[in-house]
Amino acid sequence: MATSTIYHHTLTNGMVLIAERMEHVRSAAFNFLIPGGSAYDPPDQRGISSLLAEMIVRGAGSRSHRELASVLDAFGADRSETAGRLALHLGCSSLGRHLPAILEVYADILRRPHLPEEELPAVQSLALQDLDSLEDNPASKVRIELHQVYFPPPLNQDSYGTAEGIRAVTASSLRAHYERCFKPNGIILAVAGDINWMQLRETVERLFGDWPPGSLPELQITAHQPQSRHLHKDTHQTHIAFAYPSVPVNHPQYYAARAAEMILCGGMSSRLFTEVREKRGLCYAISLQHKTFRHVAAIVGYAGTGADRAQQTLEVTIRELHRIQEGVDTDEVERIKAGLKSGLIMQQESTGARAAIMASDWFFLGRVRTFEEMQQIIDSLTPQIVLEHARAYPCEPVTVVTLGPRPLQLPSSCVPYEKQPR
Amino acid sequence: MPFFHTRLENGLTVLVETVPTARSVAVGFFVNTGARDETEAEAGVSHFLEHMTFKGTARRSAWDVNRDFDRIGAAYNAYTSEENTVFYAAVLPEYLPVAFDILADILRPSLRPEDFETEKKVILEEIRMYEDVPESVAWEHARKLYYNGHPLGHSILGTQSSIQALTREQMLAYFERRYGAANIVVSVAGPIDAELVTSLARQHCGQWFRGSSGRTDRREWRRDPGTFVLTRERVLQEHVMLLTAGPPAGSPHRFAGDILAMAIGDDRGSRLYWELVDPGHAESADCNYYEHDGSGCIHTSFSCEAEVAEANLERVQRILAEVQQHGITDEELRVAKNKIASRIVRASERPMGRMSSLARQWLTTGSYHDVDTELRLYDAVQLDDIRTCLDLYPVDTCTVIAFGPAQRLAGVDAIVV
């Protein structure tokens, strides 16, 4: 297999360009990562990062919103603008030959957005509807609420924001938020696919090189004591979301933590899937996900089940989480390694996936991990390493959010429900 | 790309596209059966059977199936639609023989009674899960009302009562009827040669019973326009769906159908986007064209606050009437073609994309197009072709179904569902 080359160039203003040339593809994808996600929303304007993600493409440079959309559409560009918790992501995929022309348009979007005042009410209306639609999606609602109760402020702020926050945003506060977050020295541009590095580097230098740097916004993370919560709703299912502490992405035990998470709920042969769904038929959906910030991380889980079986589902789940400390099989770890390895290779077939992973790597680690490095990390996982991690970081205490007709009896390893029911 | 196809003696179709530069290989078993092939008493059996295949075979327990897939690091799953039940896996090339073995094995499931009862509970939870999502409930009602007895309106999941009443014997009978080799297409794409795939197919599927292929009820469905307003407590958003006929699968008009739907209601830069979403009138608005065997359809839909549903419906109906009368512009045609070309190229860069595309084309047209041919077919569409498609399949005579808090819409009172 051909090994890939990862290119890197830091502009004098601090903006980072990273790129990977992928052979045999005609497409190219890029991802601008801008530190300015929902955690950066001022407390009285929660939701502003989502509004900015939507407003930033509504006209830029010499082009109106429609002109901008039409020039990108003409390149068949598939784009997305999303507000994550830590960063805004502006992503785009197209054919590689259109890349330089598309980047010209993005230089306007990032540097010269109009943020037109007359369009703000429409964008606020969309955000409010989005927030409303969350009420019609209990599985999403319960996860959002779990993040809210679990993570320390302001990391617990989600991109949906609040109705009051969305309404409080004005054209000038939006402009101020843009000025605060969009600094070249915080921005990472990751590109993957059919690229010509010399040409790409020259294009990016020309388009972004004269953008003056400035001071970056900082997050003040406050101490926080999570509490479990029940949300009352007459749903068919009881939706259970839960979280317990883990290690962040830059921690030496990160991959041991990921392996433990996958042993619990990775493939269909994982423990939770087997015990909760396959053996007992308790639910259709059950999942675990590792959620990381720079210094804080958690494993976040979800299960949805009939109200009459929710108590049993929670108990079986918690029991499995504890049982991992008793031992880890060689065969389990081999399966995890096989899954990680093939995932690593298949990642190389998707330009969009590669661009996103490269941007995230640089953001958290200050470098992009090579294929060989990743392979070595995966090879080095053993049952002993995973078990030691599971014992050093037991799956407790578990913070739980339930949404359904009735609260549950939380097992003793769970954080109790808050006093005031909702 | 080198393409190969063959049919085994028992009627199993094997399709292979060799992509020497790919790093993974994708393999899929496409059973030409789904909700539309069920009798009323069997409602939901296709999807339930799809679940049951993973519960074990003569050679493997349910646990063995999952463990064997996970051991080779497979990305695997299955899904059921109105007319297809698909089992697939993507693996590193050296694991193709194992992945093929597991997939072929689970397509001859044991359907053990105790597994049947356990999995029934999972299916019932899946139905309850979707019951909690108003948008899913809305679409379920919309298809049922639009198809009004035509089998394409059958529910994929079935209902609590149909699943509860379903027996293992009914499932076995359905299996005998629909899972014969002659009704299955195996599609493989990746850095592998056709000989290997053929020999795997002979080895693992050569003994399968032939069975029958295709389906009997392939009527093209056209419905008189009408409006249905449905309501239910504790739903916040209004979902409005406008359904009408489109070119059937394999029709020469399907390329025009795709382009039309994209110009009307792609999620960005379409007429619906500019008139509903951009000004903030609706949270989302889309238009999609679906090919089905014998009968296609065009779905236009939007979701918004109930108070503005009426005004939005008028906007959408005006857009559809304008398109019907004047067609789309040169610019819209060009943009839609560019978007489609870019999507085809990007999807084709992964073996999973090619594997699915091969199988879908074969099932609908009985033929093969490589990526460049597919691109040319879209590129050849002119405004005249769009006009012809509109004349044959008008987009402005829709059945309208609304679901949400609105108590009255377009002069029709809501009924509680």
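A short reminder: the numbers here are calculations on the coordinates, not readings from a lab. Everything numeric here is computed off the predicted structure, so don't read it as measured data. A quick note on method: Cβ atoms are made from the backbone with ideal geometry, for glycine too, and the neighbour counts reach across all protein chains shown.
Values as computed for the structure displayed
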| quantity | calculated |
| --- | --- |
| Given charges at beta-carbon only (K, R positive; D, E negative), |dipole| of the range B:58-141 in Debye | 420 debye |
| Distance-filtered residues of the range A:187-203 - backbone nitrogen under 19 Å, label point 7 angstrom along A:T5 Cα→Cβ | A:190-203 |
| For A:A285, residues with placed amide H under 5 Å, excluding near neighbours | A:G304 |
| Magnitude of the charge dipole, chain B, Cβ model with Lys/Arg +1 and Asp/Glu -1, debye to 20 | 1000 debye |
| Helix-only mean residue ellipticity at 222 nm for the protein assembly as shown, each DSSP H run of n ≥ 4 adding -39500 (n - 2.57), per residue, nearest 500 | -12500 deg cm²/dmol |
| Separation between Cα centres of the range A:174-213 and the range A:241-292, rounded to whole Å | 36 Å |
| Other-chain or far-sequence residues with amide H under 5 Å of A:G36's (modelled H) | A:A87, A:L88 |
| Computed over chain B: relative contact order in percent, which uses C-alpha pairs under 8 Å that are six or more apart | 22 percent |
| A:E135-B:E176 pseudo-label distance in nm [points 7 Å out on the Cα-to-Cβ vector] | 5.3 nm |
| Sparsely packed trypsin sites (Lys or Arg not before Pro) within the range B:159-239, loop by DSSP, other Cβ within 10 Å at most 13 | B:R219, B:R222, B:R234 |
| Length-normalised contact order of the range A:104-217 in % [C-alpha pairs under 8 Å, at least 6 apart] | 32 percent |
| Pairwise centroid distance, computed over Cα atoms, of the range B:334-407 with the range B:103-172, Å | 28 Å |
| Residue exposure sequence - B:V25, A:V105 - by fewest surrounding Cβ within 10 Å | A:V105, B:V25 |
| Scaled radius of gyration (Cα, divided by 2.2 N^0.38 Å) that chain A gives | 1.03 |
| For residues of B:116-123, the mean tally of beta carbons on other chains within 10 Å | 4 |
| Förster-model FRET efficiency, 56 Å R0, A:Q409 and B:S212, C-beta, rounded to 0.05 | 0.55 |
| Protection proxy ranking, peptides B:95-104, B:28-37, average beta carbon neighbours within 10 Å, highest first | B:28-37, B:95-104 |
| Within straight-line cross-link reach of B:K55, lysines at Cα separation under 25 Å, skipping those fewer than 8 residues along the same chain | A:K279, A:K337, B:K120, B:K121 |
| Straight-distance crosslink candidates among aspartates and glutamates, where the alpha carbon sits under 17 Å from B:K144 and sequence neighbours closer than 8 are dropped | B:D37, B:E38, B:E40, B:E42, B:E82, B:E83, B:E131, B:E135, B:D217, B:E220, B:D224 |
| Mean separation of Cα contacts under 8 Å, 6 or more apart, over the residue count of chain A: relative contact order % | 22 percent |
| Under 21 Å from A:K341, Cα to Cα: lysines that are on another chain or at least 8 residues apart | A:K291 |
| Inter-chain Cβ neighbour average for residues A:348-355, partner chain, 10 Å | 3 |
| Spin-label pair B:M1/A:H322, simplified geometry with 7 Å Cα→Cβ offset, distance in nm | 5.1 nm |
| Largest to smallest principal axis extent of the C-alpha atoms in the range B:3-205, angstrom | 47, 35, 33 |
| Peptides A:239-245, B:184-190 ordered by average Cβ neighbours within 10 Å, highest first | B:184-190, A:239-245 |
| Rg(Cα) / (2.2 N^0.38 Å) computed for the range B:226-416, rounded to two decimals | 1.09 |
| GluC sites (Glu not before Pro) restricted to the range B:151-246 and DSSP loop, no more than 15 other C-beta within 10 Å | B:E220, B:E233 |
| Karplus 3J(HN,Hα) series, Hz, for the range A:185-190 with 6.51 cos²θ - 1.76 cosθ + 1.60 (x for Gly, Pro) | 5, x, 8, 10, 10, 10 |
| Within 10 Å of each Cβ in B:92-103, the average number of Cβ atoms from other chains | 1 |
| GluC sites (Glu not before Pro) within the range B:2-98: DSSP coil, no more than 11 neighbouring Cβ in 10 Å | B:E9 |
| Global geometry of the range A:6-208, whether rounded, prolate or oblate, following the gyration tensor of its Cα atoms and the 1.5 cut on a/c | prolate |
